[in-house]
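The block underneath contains the structure these notes are about, expressed in structure tokens.
Values in this text are rule-based calculations from the coordinates and carry no lab data. These numbers were taken from a predicted model, which means no experiment stands behind them. All Cβ positions, even for glycine, are placed from backbone atoms using ideal geometry, and neighbour counts span all protein chains on display.
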Amino acid sequence: MFRDAGLVAGKDLRIELRSQVTMQQVLPFAVLVLILFGIALDPDRGFLGRASAGLFWVTVLFCALLAIQRAFTIEAADGGRDALRLSGLDPAGIFLGKAAAIAVQLLAVEAVLAAGVVLMYGTEVTGVPLLVATIAAATTGLAAAGTLYGVLAAGLRVRETLLPILLLPVLSPVLIGATKAFEAALGGVAADGWPWLGLLVTFALLYLTFGTLAFGTLLEES
Amino acid sequence: MSAPPTTASRATRAIGGLSLAGLALLLGYALWWSPPDVVQKDSVRIMYVHVPTAIVAFSACAITTLASGMWLRRRSEGWWVLGGASAEVGLLFTGACLVTGSIWGRPTWGTYWDWDPRITSTTLLFILLVGFLALRRVDNESGIAAQRGMRAAIVGLLLFPNVVIVHYSVDWWRSLHQPATITRLDPTIEGEMLFTLMLGIVVFALVFAWLLVHRFRLGWLEERVRATGLDAAIVERRAEADLAGRAR
């Protein structure tokens, strides 16, 4: 299962290295959203610094939608999904591989966003371990739930519009947990943030388990 | 299996009649016979509608999840139809719950919307249901019953767990800001007020059952139309061709 996951993740990341879609499209989009928030929320009134945790994670959610759509668009061309089904790879491995590739790309986006928030919004970092742990747990949860709902919507004609309405309410606990933990890590008291990490880890584990179990049947359908 | 030409039966007429009579009785108790609340005065009366619709809405989600799980096991049409019917009627009750909550919030909190954990999570529930029904609709357009709906069934299976996760995380999120909301509703009610609330729950459960049975039967008829539609169309075209041939 883990060998198969490595193969699928390697394939997806190689495609990304060659096509540069995340680097050249999703990443600039993330920075653009930061600028748009700056324009919308008047940088002089100090909203941005206080709201930076929430703005960071809302931006990550939008970028996650793009990354998830992209992860299944690359399978749509040249009968990629049929090839995956026929490859004999363990469906659980395919799920973990696709989720890992999405997570790696999201981590890159988050690194740039974090730098952007600190530089552009003047946010102060007070708890680095909590920050790193939150990013790891939240990204795992986003990638796992996103891969599951992404393959659900993959074969449909209305996938671009359906995925956000299906996925975003489901991800609201991640937004809550990650924002609260970030608020603690960015200028707050770090100790307040650790319980929220528990919520993020629980969410990630639930969706990793369910995705591993259900992905095979869903792949057959899409 | 032949389906009845109508969605009504003796049982649904009985449930319907009971629902209507129950609603009339509830109206009497809620508006006249129960006393006004000490704190909330007369605005407490909308609770006799609001709380039952909330309970029914969450139960409808549980039924959808159960039906989706059973469909995944058995692949029988009935469970498929039940999952959709329950979500649809549940959406109606979720909407009613939000609207009545908002009307209650105006005199109580002074605003139609407050970031109260229950309002927030119920609104998210509303959107979860809309998404589920949108997916079902897309799923419904293609394929035969046994293959169709795998996506909707998985989302349906996750519906109730998601509702629970969202509910508790929103609860936790808001409770840090305003712990008072949890105790704002006086938990100790008794006498006629308690009776009216219980009556409301029973009556709205009946209304839910009534609508659910009708919606289920309608869904079942839709399935029959789908199954026989193609055959009927072919027979019709053949008949037309025969007529045209004879006329010549």
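Structure summary
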| quantity | calculated |
| --- | --- |
| Using distinct alpha-carbon pairs, which all enter the 1/r mean, Kirkwood radius of the protein assembly as shown in Å | 24.9 |
| Model label zone, A:LEU41; criterion: amide N under 16 Å from point 7 Å along Cα-to-beta-carbon; scope the range A:180-194 | A:180-188 |
| Span per principal axis, largest first, for the Cα atoms of the range A:1-109 (Å) | 57, 24, 18 |
| Chain A: angle of helix A:2-19 to the longest principal axis, Cα-based, in degrees nearest 10 | 70 |
| Part-to-part distance (alpha-carbon centres) for the range A:1-52 and the range A:93-116, which is given in Å | 9 |
| Cα gyration tensor category, rounded, prolate or oblate, for the range A:99-222 with a/c compared to 1.5 | prolate |
| Residues B:HIS50, B:HIS167, sorted so that the one with the fewest Cβ neighbours within 10 Å comes first | B:HIS167, B:HIS50 |
| Set of lysines with alpha-carbon distance to A:LYS98 below 27 Å, sequence-local pairs under 8 removed | A:LYS11 |
| Partner chain coverage, peptide B:124-131 - average Cβ within 10 angstrom | 4 |
| Distribution of pairwise C-alpha distances over the range A:2-221, 5 Å bins, in % | 1, 7, 15, 19, 19, 16, 11, 7, 4, 2, 0, 0 |
| Full-extension gain in nm, A:SER87 to A:VAL118, via 0.36 nm per residue minus C-alpha separation | 6.7 nm |
| Whole-number percent relative contact order across the range A:2-221, with pairs defined as alpha carbons under 8 Å at least 6 apart | 28 |
| Between helix B:191-247 and chain B: long-axis angle, C-alpha atoms, 0 to 90°, nearest 10 | 20 |
| GNM result for chain B, Cα springs below 10 Å: residue of B:ALA233, B:ALA153, B:ALA21 fluctuating most strongly | B:ALA233 |
| Ranked list, fewest to most other Cβ atoms within 10 Å of each Cβ, for A:SER172, A:SER19 | A:SER19, A:SER172 |
| Helix axis angle, A:27-40 relative to chain A longest principal axis, alpha carbon, degrees | 40 |
| Ranked B:LYS41, A:LYS180, criterion: other C-beta atoms within 10 Å, fewest first | B:LYS41, A:LYS180 |
